[in-house]
Amino acid sequence: MRIRIITAALLCAVVGSVTACQPADDKHASDVNAPATTPPSSSNSTPADDAKADETEKATVPDFVGMGLQSAQDKAQEVGFYGLTSHDALGRDRMQAFDRNWKVCSQNIKAGTSASTDTELDFGTVKLEESCPVKDDAPPSAAGGKMPDFRGESVKAARGALDSSTSITVNDASADDRMVLMESNWQVCSQTPAAGTALDGQPVELTAVKFGENCP
């Protein structure tokens, strides 16, 4: 009985030793040791395709003059132009808050031009009841450090031409002593200092009346 037990124990030891020394499964070993491979690219693009993709898309600029501003913007987007802006063609620096109340007098890109759809389109506009100017009235500028001639310009445009640190006083030129609230609706009648004076940070005084009124 003791001999059988010893024999069985020896047999188990031999079997265990043989099993531990056997090499790993061939399939598993090949998976572990196989070099990493890069999957093939799924792109079928060619250099010609890449060059075509780099080309900027173009579209023909429509004729917007005479259209309502809202309609002009809708038309521009319809053909692919999304960079849109507008300005007051009368130079009063009014905001086009309600596009349907304005009409297009001019456009910065000539109608019929083939242009990149990234191009910004700028519309010169007036209110529906107003007449378009022969050409856009450019806002005044203090370029060169000289006081511009503000007479006839809107108070808002005058303020925009001067440095933001400038102290500006605006008074009603009439005898009514009204407060000048919406400056784009008021036109300058007189100014101090006079046009052409060198600007060195001095205070500016303006008198004004509402557009449609006569300066005294």
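What you get for the stretch 112-209, charging only the Cβ of Lys and Arg (+1) and of Asp and Glu (-1), is a dipole of about 180 debye around the Cα centre.
Of the solvent-accessible surface of the stretch 43-186, computed with a 1.4 Å probe and all protein chains present, 48% belongs to carbon and sulfur.
Heavy-atom accessible area for CYS132, with the other protein chains in place and a 1.4 Å probe, reaches approximately 60 Å². Keeping every protein chain present and rolling a 1.4 Å probe, give me the accessible area per residue for the stretch 87-160 in Å². For the stretch 87-160, the solvent-accessible area averages 55 Å² per residue. Here is the list for the stretch 79-114: trypsin sites (Lys or Arg not before Pro) lying in DSSP coil, each with at most 14 other C-beta atoms within 10 angstrom of its C-beta, are LYS110. Between GLN107 and GLY124, the built amide H atoms are under 5 Å apart, and every one of these is 5 or more places off in sequence or on another chain. Annotation for MET182 and MET95: the two label points, set 7 Å from Cα along the Cα-Cβ direction, are 1.2 nm apart.
Placing a pseudo-label 7 Å from each Cα along the Cα-to-Cβ vector at SER116 and ASP163 gives an inter-label distance of 3.6 nm. Pairs exceeding a 32 Å alpha-carbon distance, out of LYS75/LYS146; LYS110/LYS156; LYS58/LYS135; LYS103/LYS156; LYS58/LYS156; LYS110/LYS210: LYS75/LYS146; LYS58/LYS156; LYS110/LYS210.
With the cut-off at under 15 Å, measuring from each backbone N in the stretch 86-122 to a point 7 Å along the Cα-to-Cβ line of GLU78 picks out no residue.
Inter-label distance, LEU199 to ASP137: 2.0 nm, where each label sits 7 Å from its Cα along the C-beta direction.
The values are calculated or read from the model by the stated rules, or taken from the named source; none is laboratory data. In this text the structure is predicted, and so the values were computed from the model without any measurement. We place every Cβ from the backbone using ideal geometry, glycine too, and count neighbours over all the protein chains shown. Keep in mind that these areas ignore ligands, DNA and RNA; they rest on the heavy atoms of the full protein, side chains included. Shrake-Rupley method; radii C 1.70, N 1.55, O 1.52, S 1.80 Å.
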